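Q: One structure, pasted below without further comment.
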Amino acid sequence: MITAIIADDEDLPRKDLRRMLQEHWPELTIVAECEHGADALEAIHTHHPDIAFLDIRMPGMTGLDVAHATKGQCHAVFTTAYDQYALDAFAAGAIDYLLKPIAAQRLNEAITRLKERMKAAQPAPDLTQLMSELDKRIRSNQPERIRWISASVGDTIKMFAVDKILFFTSDEKYTRVVSQQDEAHVRKPLKELMEGLDPDVFWQIHRGTVVRADAIARAHRDEMGRYSVELHGSPEKLKVSQAYAWRFKPM
């Protein structure tokens with residue numbers, strides 16, 4: 001039995017891809033559908049699928065991040081609505097991509113290649129260099145970064161310079177914003193805030209936690225292998241989910 005996961009932060013493309021796979025590859029078993037990169041990473045660790053269909057541009061942890069963190073564990077097929085990210089290496093077959101909206105013919109081509117690789121028991125290729133190049137292209141096309149965050153506290157508006165913020169955490173319908181001197185809650189969900197944050201500066205370490213990388217003082221691993229981090233300028237310890245533990249593996 002060949003298994004796969006689908007990861008896309010938009011409901012319609014995710015459902016469309018599942019429907020098309022059921023039609024064109026009925027013997028393929030979809031073991032998980034994921035809305036975020038973190039969910040996809042956890043699903044890969046849990047289900048050990050043969051294939052991961054990954055949307056390149058997901059907030060926070062992109063499809064490229066997931067593929068990098070799980071390289072060699074499964075074959076990656078990237079989906080994208082942006083044709084400029086489809087490098088020559090895609091067409092050459094070094095890696096598969098599906099341009100959204102997905103065409104049936106293009107999906108069948110990808111399925112044929114995947115079946116050939118499965119039949120030949122080919123290991124998932126090392127895509128580190130290609131993903132690095134793709135990642136650079138994506139970063140260069142990101143929307144303008146957030147520089148300031150304003151939070152209403154009663155009759156007061158608190159202003160936080162993004163370069164002074166230590167971490168963000170999801171708090172029900174709000175997002176908690178914490179700097180070294182102050183904190184507040186904003187109504188914008190963490191997922192939306194992450195779209196305006198530089199992922200090289202702010203690391204997602206949990207589904208509901210994003211931390212400034214240079215604010216991390218040290219990471220601790222307990223007897224169960226679970227990580228937590230301490231920050232410069234804050235007494236709080238932040239939990240790291242298994243999906244992001246790879247960030248803290250010794251080099």
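Q: Taking D214 as meeting all but one of (1) of a type outside the set (A, V, I, L, M); (2) over 24 Å from K71 (Cα atoms); (3) assigned to a strand (DSSP E or B), write down the number of the exception.
A: Unmet for D214, out of (1) of a type outside the set (A, V, I, L, M); (2) over 24 Å from K71 (Cα atoms); (3) assigned to a strand (DSSP E or B): (3).
Q: OK, next. Residue pairs, Cβ under 8 Å, 6 or more apart or interchain, first in the range 212-239 and at positive phi, second open to solvent by less than 30 Å² (accessible area, probe 1.4 Å). List them.
A: Sorted first by the residue in the range 212-239, then by its partner, the pairs are G225/A245; G233/L166; G233/A215.
Q: Also, I was wondering about something else. What are the residue pairs meeting all of these: first residue in the range 64-79, first residue part of a loop (DSSP other than H, G, I, E, B), second residue at pLDDT 85 or above and hydrophobic (A, V, I, L, M, F, W, C), Cβ atoms under 7 Å, and 6 or more apart or on different chains?
A: These pairs meet every condition: T70/L41; T70/I44; Q73/I44; C74/I44; C74/I51; C74/A52.
Q: So, one more: Hey, could you check the range 153-186 for residues that are over 26 Å from D65 (Cβ atoms), of a type in the set (D, E, K, R) and modelled with pLDDT of 90 or more and say which is surrounded by the most Cβ atoms within 10 Å (Cβ to Cβ)?
A: My answer is E183.
Q: Here's a follow-up. Let me confirm something: among P101, P123, which residue is at pLDDT below 80, outside any helix (DSSP H, G or I) and over 30 Å from T209 (Cβ atoms)?
A: Sole residue among the options that is at pLDDT below 80, outside any helix (DSSP H, G or I) and over 30 Å from T209 (Cβ atoms): P123.
Q: Please enumerate the residues belonging to the range 217-251 that are more than 19 Å from the chain's Cα centre (by Cα), farther than 17 Å from F167 by Cα and part of a loop (DSSP other than H, G, I, E, B).
A: D222, E223, M224, G225, R226, P250, M251
Q: Could you give me the residue pairs with C-beta distances under 6 Å whose first residue belongs to the range 95-108 and is more than 17 Å from L28 (Cα to Cα), whose second residue is among the aromatic types (F, W, Y) and at pLDDT 85 or above wherever it lies, and which are 6+ apart or on separate chains?
A: Y97/F78
Q: Output yes when any residue across the range 234-243 is crowded, with 19+ Cβ neighbours inside 10 Å, at pLDDT 95 or above and not basic (K, R), and no when none is.
A: yes
Q: Okay, moving on. So is A32 outside any helix (DSSP H, G or I), among the small types (G, A, S) and over 13 Å from A76 (Cα atoms) or not?
A: So A32 passes the test.
Q: Being open to solvent by 70 Å² or more (accessible area, probe 1.4 Å) and either of a type outside the set (A, V, I, L, M, F, W, C) or part of a loop (DSSP other than H, G, I, E, B) (or both) is the filter here; which residues of the range 1-17 pass it?
A: Hits for the range 1-17 are M1, E10, D11, K15.
Q: Please verify whether the range 231-242 includes one or more residues that are closer than 19 Å to H68 by Cα and of a type outside the set (V, I, T).
A: Yes, that holds for at least one residue.
The values are calculated or read from the model by the stated rules, or taken from the named source; none is laboratory data. In this text, all values refer to a predicted model and were calculated from it rather than measured experimentally. As a convention, Cβ positions derive from the backbone with ideal geometry for all residues, glycine included, and neighbour counts pool all protein chains shown. For the accessible areas, the whole protein counts, side chains as well, though only heavy atoms, and no ligand, DNA or RNA atoms are used. Shrake-Rupley method; radii C 1.70, N 1.55, O 1.52, S 1.80 Å.
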